[in-house]
1. Just give me the residues in segment B:432-458 being without any contact (Cβ under 8 Å) to a residue 60 or more places away in the chain, outside any loop (DSSP other than H, G, I, E, B) and open to solvent by 10 Å² or more (accessible area, probe 1.4 Å), in sequence order.
2. Restricting attention to segment A:361-390, and to residues there that are over 18 Å from residue B:577 (Cα atoms) and over 12 Å from the mean Cα position of the chain (by Cα), which single residue is least open to solvent (accessible area, probe 1.4 Å)?
3. List, please: which pairs have Cβ atoms under 7 Å, are six or more places apart or on different chains, and start with a residue in segment A:146-165 that is at positive phi and at pLDDT 90 or above and end with one that is acidic (Asp, Glu) and open to solvent by 20 Å² or more (accessible area, probe 1.4 Å)?
4. Given the conditions (1) out of contact with any Leu (no Cβ under 7 Å at 6 or more places or on another chain); (2) within 14 Å of chain B (Cβ to nearest Cβ), report the number of the one that residue A:405 does not fulfil.
5. Test residue A:246 against the stated conditions and say whether it is part of a helix (DSSP H, G or I) and within 23 Å of residue A:400 (Cα to Cα).
6. Any idea how many residues of segment A:558-569 are at the interface with chain B (Cβ under 7 Å from one of its Cβ atoms) and in contact (Cβ under 8 Å) with a residue 40 or more places away in the chain?
7. Do we have any residue at all in segment A:109-116 that's on the phi > 0 side of the Ramachandran plot and either touching a Ser or Thr at 6+ places or on another chain (Cβ under 8 Å) or modelled with pLDDT of 90 or more (or both)?
8. Within segment A:607-622, track down each residue that is at pLDDT below 85 and either among the aliphatic types (A, V, I, L, M) or not in a helix (DSSP H, G or I) (or both).
There are 2 protein chains.
Amino acid sequence: MADTVSSKQPEITQRTSDYLPPRSFIHWLIGRPLQTADAPHQTIGKAVGLAVFAADALSSTAYATQESLGVLAAAGTLALGYVFPVSLAIVALLTVVTVSYEQTIHAYPGGGGAYIVARDNLGELPAQTAGAALLTDYVLTVAVSVSSGIAQVVSAYPALFPYRVEFAVLAVLFIMVVNLRGVKESGSLFAFPAYLFIAVMFLNVGAGFFRYLTGTLTTVPSPPQASVAAVLTAVTPFLLLHAFANGTSALTGVEAISNGITAFKEPRSKNAGVTLIWMSLILGSLFLGISFLTGRVHGVFSEQETIISQLSRTVFAGRGLLYLVTIWATTIILIMAANTAFADFPRLGALHAGDGFLPRQLTFRGSRLVYSNGIIALAIIACALIVVFQASVTRLIPLYAIGVFASFTLSQAGMARRWWKIGHLQPGQEIKEPGSVLRYEKSWRTRMVINGFGSVCTATVAVVFATTKFREGAWIVLVLTPVLVGIFFAIHHHYHDVASRLTLVGFGGLPDRATRHRVIVPISGVHQGTLEGLRYARLLSDDVTAVHVSIDPTETDRLRKKWATWGAGSRLVILDSPYRLFLEPLLRYVEGILDRKQPNETVTIVVPQFIPAKPWQNALHMRTADLLRKELLSRSGVVVTDVPYRLAENGKIRKAQPIDGID
Amino acid sequence: MADTVSSKQPEITQRTSDYLPPRSFIHWLIGRPLQTADAPHQTIGKAVGLAVFAADALSSTAYATQESLGVLAAAGTLALGYVFPVSLAIVALLTVVTVSYEQTIHAYPGGGGAYIVARDNLGELPAQTAGAALLTDYVLTVAVSVSSGIAQVVSAYPALFPYRVEFAVLAVLFIMVVNLRGVKESGSLFAFPAYLFIAVMFLNVGAGFFRYLTGTLTTVPSPPQASVAAVLTAVTPFLLLHAFANGTSALTGVEAISNGITAFKEPRSKNAGVTLIWMSLILGSLFLGISFLTGRVHGVFSEQETIISQLSRTVFAGRGLLYLVTIWATTIILIMAANTAFADFPRLGALHAGDGFLPRQLTFRGSRLVYSNGIIALAIIACALIVVFQASVTRLIPLYAIGVFASFTLSQAGMARRWWKIGHLQPGQEIKEPGSVLRYEKSWRTRMVINGFGSVCTATVAVVFATTKFREGAWIVLVLTPVLVGIFFAIHHHYHDVASRLTLVGFGGLPDRATRHRVIVPISGVHQGTLEGLRYARLLSDDVTAVHVSIDPTETDRLRKKWATWGAGSRLVILDSPYRLFLEPLLRYVEGILDRKQPNETVTIVVPQFIPAKPWQNALHMRTADLLRKELLSRSGVVVTDVPYRLAENGKIRKAQPIDGID
């Protein structure tokens, strides 16, 4: 430690410290603490960027076709022919969203998540709504991706089926620990599995098409038992819209790049934009390919075996090496998708907290420079969801993607409004907003139309979602989101209120000293502990009153006698308590004093408090100070202090005899 | 309130108060508080005494025969002939116990429970063992009696069978509330149902014998489904001993009168003794009668219908009025038996606590002058037992009665030792013990033999219990009792240790004043709240140091500037925290000061603590004072005080602006 005395204000000392927190189990688990100055910042290129940000989006091909199929299966095998057309509609939507986000990436080179875009262009309520929707969806991303990942493994090893919930929870906890360690988005770790997944999926689709064209593509051999409702329904527009809604889960994660533009090498907007287009192309072609082939091989919707597994073992004619690589690559990409949510959720939570809409604690970075509280919160909620929904993707999917589409809508609407503002600027004029800088652009009308169209499309999808999946679980999200927004505003109101009341702006200062400082010491007996409390009380003020609540007259008599010897002339007030209450008469006495006190008078209650050597012994004593503090919380001008008395470890043990009033 | 200044010590003031606690839900439930001076003491005669104390003992006739039968049923219908002989052995044991307790009643006119007798004559370990065994058994009395009571009702109304656990728990809670109100042992309330039970049971037995002698006694019509093990066993001595052990549950409650002698009118020992004999006669004859008739009517052991119900509807030829009166009288006496345990358990707990073997809180009498904590504890544990054992008497009975027989044994052994001590006194010599007075008596040898024989008999039964019922659940009690005794002694050791270390005997007094009082004020920002804390700190001492842990350099810079204006010349120490820890650097600083402090120096840490208006807002702030207090618990010479700052309800709201450091 070095003391450096600041030259301007001689009364201020600053100490630097190289204090390293001691080793502990936590450090073993998540790594040694990092200094604030160690915060890394490295940038990545397009190829690695694709790997880092694509996991969330690409992994959804592992379940989107299947969940779309699951809805259509209710109308019998005939309806399965609709899987591909529905997928075409979804790819069209993907195109619209990609073009829209392409514009966002260029407009917000510092990162253009829905929360920031909505905040800067639409105001606080839409921004908080977008944030609440996204936070909800990040939780669901973890639950859905991990559940789907475990479902792939279970497809390959059916004996593990009964343990899927346990495996899913373990996987979430594993990702939590990895994130608490603070994985640098170092790409190298992510690139291999991401590209392996892309390669192996194209291999599946390619091989499938080859066999389809050569006429050797069979249907799924010994298909799993179908999970279908008992009563068949007709193919209605509602059913098709429902299948479409389930399939749009393929689009989740497309927004990831717009959040992470700063991670790219310069020119970052351009690099991020190109990466987005590549990602959408890969996503769209894989999704279409899988959907098409699923129809050809007569894939069966089943809780026991995923579509990817059925497709792969049909295309590769059995559970060989290529099949196993497909399954494991899919599982890993799904786990990586959950990992993306673990990066996004705490970052968004910290943004909200920084603006005062969530508890400040979410802005604290832990020993490894990550937002530990947010990471732990996400893991707990995701695990709860997995347990409640039994790690079933089909049961989770009705809740999923509504949040994403709500935030798409708000983000694109915000962008449209931004173009409108830009169109009304003078050429050369600049407006600085927290998230970006506005400059006039000639093409603002076209761009506004593009984002506006994107917004209308995604809004339509969100409404389709809410109606078709309402009874299956979408209502939960529709109820939860406004409740969350309400909570955000309540928190904001509280912080705002506190700040405005405690500010020193216009504050005239407090009176310098109290005119009188009264000290009250409640005692239940006279012994070394209470004498220690009295000594401390006399240190604070000359105006000390000891107070004893008398429940047992014999005990009170003994106390009177001891007081004559040990009271050192201090005042003692004995309060009779005919109803054997302890706290109430004492409180009444203190409140009587507070009611009569002068404005500049301060009252301190010094409570001698016994501190046992072992925690279980606390049950054998009373916590008077805590009780008093709680009761007097609302009174001003009174401070409750507990003066601890401990049994010295090596203290002399005198001949034992009963002593009173150790409470 | 009236102030009366005591004349001898002018510094002592005593205040009497007629303060009545305000009305609340609790008062509505359990009644208005009673003054200590209101404690009632009324005495009762033999007839009422029988009613008050007999419920526990007599009610056991409702299940003793049945549980004895339940064991024998495992050997098939042939073995049922052994029910009556086993019952004869039990009645012989009852005679021995009654004669033994008759002597205890005369020796301990102030109340001679097993705990007091063992404590005065055998020492602390046997006394605590007897106490632990009795406390365990009181809990089981509640569980068994209430379960059996509900089983009677369910026998009459089989549709209620699925709800028996819920009804049993409700019954326990009802008895708890009644006891929290503080039922005076006013007899009148108890006499009617107790005598109704006795009358109706004798009517059952009498009618049964009449029909047996006139040859019109049938077997049970449409008997319930028997609850019997699938594999039949042979009639072994072990089986007979097991049946005997289960049947001895009839003896539980016989000790009740010896605990409550003070409740009787003078000459109380004589009255109590006569009552005991009457009780044993009634108990013995009813038990024998029921056991005999059960064999004649071929009563079936069943979880669905009790033996009392089967017997009564056979004797009275159907479910008529007399049958219903029998069922309800039995249920009520069983509930009253549970009520007896609710009187005994808290009283015994308070005795233990008064001697320092259980938490002191058990000696506190609640607003209605009863030991509320003990009553609530008993209700909670009994309900837990009922839920775990599904209100099944048969599953509870293996745990039951071991405690009673262990305490019988210790109590009688204590009495035998007492006679031996009396035999060795000089005529005319008197020894005062806490529980009784010892005077020479000529007949001491005979009396010692009687109690000694009683002790040996009950000890044998306890061993029979432990072995025959070991695997079914007796092991729980055999493990639990030593654990409880261990806990009692650990508690006693703690209180003893505290008393001997804090006593003022041989204590030289504390140094009068500290030479230095340092005050440290941790602040996270400069605002009205921290200024209030600083003002209070300056009230305590002139030696005030503010400490700021710097996590964010910009925030620290703002704080420096504000300090120049508002710091009022106080020292400010800024602690750099490169690992973004808040508590650790602060603790390290405080501990550095404590390590260097002089013996007479005192350090106070004044923590400005924000108190939100609503409890949920606590989650938005940090509880620094609590954390510091916990960490510094083991350090002496340091006091942690939190100075609350609140948002004044009618405070001026100034223009809001972000302010730092409201944590």
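1. Those that are without any contact (Cβ under 8 Å) to a residue 60 or more places away in the chain, outside any loop (DSSP other than H, G, I, E, B) and open to solvent by 10 Å² or more (accessible area, probe 1.4 Å): B:432, B:437, B:439, B:444, B:445, B:446, B:448, B:449, B:452, B:456.
2. A:386
3. If the second residue must be acidic (Asp, Glu) and open to solvent by 20 Å² or more (accessible area, probe 1.4 Å), no pairs are left.
4. Among (1) out of contact with any Leu (no Cβ under 7 Å at 6 or more places or on another chain); (2) within 14 Å of chain B (Cβ to nearest Cβ), residue A:405 violates only (2).
5. When the stated conditions are applied, residue A:246 passes them.
6. 2
7. yes
8. A:609, A:610, A:611, A:612, A:613, A:614, A:619, A:620, A:621, A:622
The values are calculated or read from the model by the stated rules, or taken from the named source; none is laboratory data. Just so we're clear, the structure is a prediction, and the values are computed from it rather than from any experiment. Note that we place each Cβ from the backbone using ideal geometry, even for glycine, and neighbour counts take in every protein chain shown. Note: accessible area is taken over every heavy atom of the protein model, side chains too, but ligands, DNA and RNA are not part of it. Shrake-Rupley method; radii C 1.70, N 1.55, O 1.52, S 1.80 Å.
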